[in-house]
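What follows is a short report on a single structure.
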Amino acid sequence: MGYRFTDLTNACHDDWRAYMEHGFVRQLGNATLPEASFRHYLKQDYLFLIHFARAYALAAYKSSTLADLRQAHEGLKAIVDVELGLHVGFCQEWGISEQELAELPEARATLAYTRYVLDTGNRGDLLDLHVALAPCLVGYGEIANWLNAQSTTIRGAQNPFDAWIAMYESEEFQAAMQSELEWLNARLADVTPARFAELSKIFRDATRLEIDFWQMGLDLIDHDLTN
């Protein structure tokens, strides 16, 4: 029997748990996260979404079948036409203007993670790229579900970050996550042990960079490359 996505998470179990259960995530769930930390995260996540869209454009270039090309096109369209617009509106609710977002410098953690994903996609094939993106696309959906399973998570008006959880527990995002899992599982089923070891390294590195992204927001460090 071939590999599945769960084999990737099991291969870097400690890093995956550190990402899923990071202090930023826990504090977001129990409403103790400093608002300055969340605001800084939101700004940098806007920049990440732009590079995420670029990654889907790269996925389209890397696609060798019409099905893969359509999937990449739908992903790019969803980010550019829907998610970025929602994110801008979300930022405005937190006092962050679109002009401020347009002039925002990249934090080191943002730069490291996004360029790692794009470099992995450029050097490797379509599966390499999807595995590098999986901690974000699959991880955020699983984090929302994990938060909802915790007795310490506060939902509703008492939690100023409730809308973030709602975004990633939504039917639309959960459906996108399941679609990505199906795509990954279908392709992982055919890889050799040597190839799986390569993919595990990509997944582990991307997960570690996601951990750094949380930490950046939590500590308010490395705001940009000029610091």
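The values are calculated or read from the model by the stated rules, or taken from the named source; none is laboratory data. Bear in mind that the values here come from a model prediction, so they are computed numbers and not experimental data. So basically every Cβ, Gly included, is an ideal-geometry build from the backbone, and we count neighbours across all protein chains shown.
Applying the criterion of being in contact with a Phe, Trp or Tyr (Cβ under 9 Å, 6 or more places away or on another chain) and part of a loop (DSSP other than H, G, I, E, B) to the residues of segment 155-202, the residue that is nearest to His87 (Cα to Cα) is Phe161.
Being of a type in the set (Phe, Trp, Tyr), under 17 Å from the mean Cα position of the chain (by Cα), assigned to a helix (DSSP H, G or I) and at pLDDT 90 or above is a description that applies to Tyr46. Residue-level check: of (1) within 21 Å of Tyr19 (Cα to Cα); (2) at pLDDT 95 or above; (3) among the small types (Gly, Ala, Ser), Ala189 misses just (1). Summed over segment 31-65, residues that are in contact (Cβ under 8 Å) with a residue 12 or more places away in the chain, surrounded by fewer than 16 Cβ atoms within 10 Å (Cβ to Cβ) and of a type in the set (S, T, N, Q) total 1. Restricting attention to segment 95-122, the residues that are under 21 Å from Leu137 (Cα atoms) and outside any helix (DSSP H, G or I) total 2. Take the conditions (1) under 17 Å from the mean Cα position of the chain (by Cα); (2) farther than 24 Å from Phe173 by Cβ; Pro105 misses just one of them, which is (1). Does segment 128-137 contain any residue that is over 22 Å from Gln44 (Cα atoms), out of contact with any Phe, Trp or Tyr (no Cβ under 6 Å at 6 or more places or on another chain), of a type in the set (Gly, Ala, Ser) and not in a loop (DSSP other than H, G, I, E, B)? No, segment 128-137 has no match at all.
If the condition is being farther than 20 Å from Val131 by Cβ and under 13 Å from the mean Cα position of the chain (by Cα), then segment 49-72 contributes only Ile50.
The condition (being under 19 Å from Phe38 (Cα atoms), without any contact (Cβ under 8 Å) to a residue 24 or more places away in the chain and not acidic (Asp, Glu)) is satisfied by just one residue among Ala109, Ala166, Ala149: Ala166. Of the residues making up segment 1-43, those that are of a type in the set (S, T, N, Q), farther than 17 Å from Asp212 by Cα and assigned to a helix (DSSP H, G or I) number 3. Of all residue pairs spaced 6 or more apart or on separate chains, those with beta-carbon atoms under 6 Å, a first member in segment 66-77 that is free of Cβ contacts under 8 Å to residues at least 24 places away in the same chain and a second member that is outside any helix (DSSP H, G or I) are Leu69/Ser63; Ala72/Ser63. Can we say Ile154 is at pLDDT 95 or above, among the β-branched types (Val, Ile, Thr), over 20 Å from Gly29 (Cβ atoms) and out of contact with any Leu (no Cβ under 8 Å at 6 or more places or on another chain)? When the stated conditions are applied, Ile154 does not pass them. Would you check if Asn145 is surrounded by 14 or more Cβ atoms within 10 Å (Cβ to Cβ), outside any helix (DSSP H, G or I) and modelled with pLDDT of 95 or more? So Asn145 does not fit the description; no.
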